[in-house]
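Novice: Input: one structure, supplied below.
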Amino acid sequence: MNAKKFSDAMGALNSRYLEEAALYHKNRIRLPRIMWGAVAACVALAVVVGVNLRPQSEAPQAMLTIPTMEQDAMGFESWVGYDIATWDNGNPWNVSMDFTTLPVYRNGSYHSAGMPTGLSQEAMMDRLEEAAEALGMEIDSPETVQEGSAVVQLTASAEGTTIVVEADGTMEVWFEGGLALPEEYHFTDCDTTDTEAAQVLNYLAQRYSALLEFDQPEQVLSGMWNLSDEEGSTPSYWREYILYDAAGDDLEDILNYTYRFAQFYPDEEGKLSLLRIWDGLACAENIGEYPIITVDEAFQQLEQGHYITSVPYEVTDMERVGKVELVYRNARTEETFLPYYRFYVALPEEQKDGLTTFGAYYVPAVQEAYIANMPAQKDNAG
């Protein structure tokens, strides 16, 4: 598949997504989010602070350094499924968006080991008190966790509910013993339909509206197929339940989807066990607006080996490219938040029952003139 054919294919995909959006706007799937300290994948806000989403200056202010990615015991980033052409992972970006520049941020919560850092103890306490008020909780002095001399976590509990606020802006609400939903809702990891999941998220969005403060909650019905090694097992679809605020323009929606979101976790009895809220830009500094390349140019960069990946296979057959999307990477271990084109490439992994593994490959979306170390195949894992 050459660049022109790829562009045509993406255009066809986009046309279908636009046509289906009105009917299936709520039924969205995305890659599982990677948590504390993990390699970044590619997030809906309780309390907005600090960062200016729009650049202070139109001109880029610094050369950018692209990180390397290594394979480790956690494996590599991938999506497993049947037909990736029909997969919509909830990303609000589409190829019709005519971005010519995008903002880049310095991650004020960067930590090489993925520990939470960034916010002051006072700022974390403000968030803790506001969350407690939204939940109708009366809390005493919180417990603290320190990293060296810095407080990196505050925890407070009352009547079976525990709030945890971390220094990068992440917040967790734990429900001891699980919080039962009304009987009409079916809330499970792998035995809930899209329709049932949408109903659950509608209910949770309303119940926790004071905490989330989303003007326009957007559902992302996320998941991935999984096949157990046990003989005779059949594939199961493991889903996630995610909301982000889609009340902004295209850029704001992409940033909220990537850095600011709320995720709800069921326990084995179908009760709400945990509500986690990310605010990945809480400590970020906007360093400028950078010119970006097109999807066609990114495809050529992929073909030439200018990508980073945790996948232990090089991209050698462009016919195996199945999907592309514009994303930002979001882990605490990222020193700079910049846009990438993420390509999903079918891997030579043996699968059962027609399932295929697609590896994730990242091409920097910023023009090469602003990149100090354009990646090459030798920089990648494997």
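The values are calculated or read from the model by the stated rules, or taken from the named source; none is laboratory data. Please read all numbers here as calculations on a predicted model, not as lab measurements. Cβ placement follows ideal geometry from the backbone for every residue including glycine, while neighbour counts extend to all protein chains displayed. Surface areas here come from the heavy atoms of the whole protein model, side chains and all, with no ligands, DNA or RNA. Shrake-Rupley method; radii C 1.70, N 1.55, O 1.52, S 1.80 Å.
Novice: Has region 266-277 got at least one residue that is open to solvent by 10 Å² or more (accessible area, probe 1.4 Å), modelled with pLDDT of 95 or more and touching a helix residue (DSSP H, G or I) at 6+ places or on another chain (Cβ under 9 Å)?
Specialist: Yes, some residue in region 266-277 is open to solvent by 10 Å² or more (accessible area, probe 1.4 Å), modelled with pLDDT of 95 or more and touching a helix residue (DSSP H, G or I) at 6+ places or on another chain (Cβ under 9 Å).
Novice: If we scan region 190-212, do we find a residue that is in a strand (DSSP E or B) and open to solvent by 30 Å² or more (accessible area, probe 1.4 Å)?
Specialist: Looking for residues that are in a strand (DSSP E or B) and open to solvent by 30 Å² or more (accessible area, probe 1.4 Å), one finds none in region 190-212, hence no.
Novice: Quickly run through region 169-208 and pick out the residues that are among the charged types (D, E, K, R) and in contact with a Leu (Cβ under 7 Å, 6 or more places away or on another chain).
Specialist: Those that are among the charged types (D, E, K, R) and in contact with a Leu (Cβ under 7 Å, 6 or more places away or on another chain): Glu172, Asp194.
Novice: Mind counting the residues in region 66-95 that are farther than 27 Å from Ala284 by Cβ and in a loop (DSSP other than H, G, I, E, B)?
Specialist: 6
Novice: Right, something else. Does Ala369 satisfy the criteria of being hydrophobic (A, V, I, L, M, F, W, C) and assigned to a helix (DSSP H, G or I)?
Specialist: Yes; evaluated as a whole, the condition is true for this residue.
Novice: Would you check if Thr170 is within 30 Å of Arg106 (Cβ to Cβ), in contact with a Phe, Trp or Tyr (Cβ under 7 Å, 6 or more places away or on another chain) and among the β-branched types (Val, Ile, Thr)? Don't jump to the end; show me each part of the working.
Specialist: Numbers: within 30 Å of Arg106 (Cβ to Cβ): yes; in contact with a Phe, Trp or Tyr (Cβ under 7 Å, 6 or more places away or on another chain): yes; among the β-branched types (Val, Ile, Thr): yes.
It is true that Thr170 is within 30 Å of Arg106 (Cβ to Cβ), in contact with a Phe, Trp or Tyr (Cβ under 7 Å, 6 or more places away or on another chain) and among the β-branched types (Val, Ile, Thr).
Novice: Now, a different point. Mind listing whichever residues of region 354-365 are surrounded by fewer than 24 Cβ atoms within 10 Å (Cβ to Cβ), touching a strand residue (DSSP E or B) at 6+ places or on another chain (Cβ under 9 Å) and not in a strand (DSSP E or B)?
Specialist: Answer for region 354-365, where residues must be surrounded by fewer than 24 Cβ atoms within 10 Å (Cβ to Cβ), touching a strand residue (DSSP E or B) at 6+ places or on another chain (Cβ under 9 Å) and not in a strand (DSSP E or B): just Leu355.
Novice: Out of (1) modelled with pLDDT under 95; (2) farther than 25 Å from Lys271 by Cβ; (3) surrounded by 13 or more Cβ atoms within 10 Å (Cβ to Cβ), what's the single condition that is false for Asp126?
Specialist: (1)
Novice: Another question, then. Just give me the residues in region 129-173 being modelled with pLDDT of 95 or more and among the hydroxyl-bearing types (Ser, Thr, Tyr), in sequence order.
Specialist: Thr144, Thr155, Ser157, Thr161, Thr162, Thr170
Novice: When you go through Glu218, Glu314, Glu303, Glu297 one by one, which is the residue that is modelled with pLDDT under 95 and of a type in the set (Asp, Glu)? Walk me through it before giving the result.
Specialist: Details: Glu218 fails: modelled with pLDDT under 95; Glu303 fails: modelled with pLDDT under 95; Glu297 fails: modelled with pLDDT under 95.
From the options Glu218, Glu314, Glu303, Glu297, the qualifying one is Glu314.
Novice: From Leu281, Leu326, which residue is assigned to a strand (DSSP E or B), open to solvent by less than 10 Å² (accessible area, probe 1.4 Å) and either touching a strand residue (DSSP E or B) at 6+ places or on another chain (Cβ under 7 Å) or not aromatic (Phe, Trp, Tyr) (or both)? Talk me through it step by step, then tell me what you get.
Specialist: Values: Leu281 fails: assigned to a strand (DSSP E or B).
Selected residue: Leu326, the only one of Leu281, Leu326 that is assigned to a strand (DSSP E or B), open to solvent by less than 10 Å² (accessible area, probe 1.4 Å) and either touching a strand residue (DSSP E or B) at 6+ places or on another chain (Cβ under 7 Å) or not aromatic (Phe, Trp, Tyr) (or both).
Novice: Give region 72-96 a look and list any residue that's modelled with pLDDT of 95 or more and of a type in the set (A, V, I, L, M, F, W, C), or say none.
Specialist: Trp93, the sole residue that qualifies.
Novice: Can you work out which of the residues in region 221-259 that are assigned to a loop (DSSP other than H, G, I, E, B), modelled with pLDDT of 85 or more and of a type outside the set (D, E, K, R) is farthest from Leu272 (Cα to Cα)?
Specialist: Gly248
Novice: Residue by residue through region 247-265, note down the ones that are among the aromatic types (Phe, Trp, Tyr) and open to solvent by 10 Å² or more (accessible area, probe 1.4 Å).
Specialist: Once the filter is applied, which keeps residues that are among the aromatic types (Phe, Trp, Tyr) and open to solvent by 10 Å² or more (accessible area, probe 1.4 Å), region 247-265 yields only Tyr265.
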